[in-house]
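The values are calculated or read from the model by the stated rules, or taken from the named source; none is laboratory data. Keep in mind the model is a prediction, meaning the values are calculated, not measured. Backbone-built Cβ (ideal geometry, glycine too); neighbour counts: all protein chains shown. Accessible surface is based on the protein model in full, side chains and every heavy atom, while ligands, DNA and RNA are left aside. Shrake-Rupley method; radii C 1.70, N 1.55, O 1.52, S 1.80 Å.
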Amino acid sequence: LNDAVVKIPTAFTPNGDGQNDVLILPQFPKCKIGHSDFKVFNRWGAPVLSKANYDNNWDGKNDNGEELPGGTYYYVLNLKTTDGKSFVIKNFVELIR
């Protein structure tokens with residue numbers, strides 16, 4: 001995994017136009033995206049979303065199904081490799097309304 005070059009999106013626009021409506025993270029080498037935990041935090045560090053077995057389906061809503069306002073959100077993605085190792089990706093994404 002250390003030598004993998006992966007482009008991670010920095011923005012998405014969940015406006016219902018069928019383009020870029022969900023945050024799609026790339027498939028990481030030796031990992032299955034469904035074998036992960038995905039947590040999203042607002043700019044103050046408060047958790048707004050937590051998904052076990054993330055399946056590239058965050059649509060800009062919180063855990064209660066309410067639309068989040070546009071802005072910068074931070075996420076932590078915990079992944080497991082096919083050989084049982086774990087690693088963490090921390091990044092941010094701009095939610096554009």
Scanning the range 79-97 for residues that are surrounded by 14 or more Cβ atoms within 10 Å (Cβ to Cβ) and hydroxyl-bearing (Ser, Thr, Tyr) gives 81
Among the residues of the range 44-78, the number that are in contact with a strand residue (DSSP E or B) (Cβ under 7 Å, 6 or more places away or on another chain), open to solvent by 50 Å² or more (accessible area, probe 1.4 Å) and modelled with pLDDT of 95 or more is 6
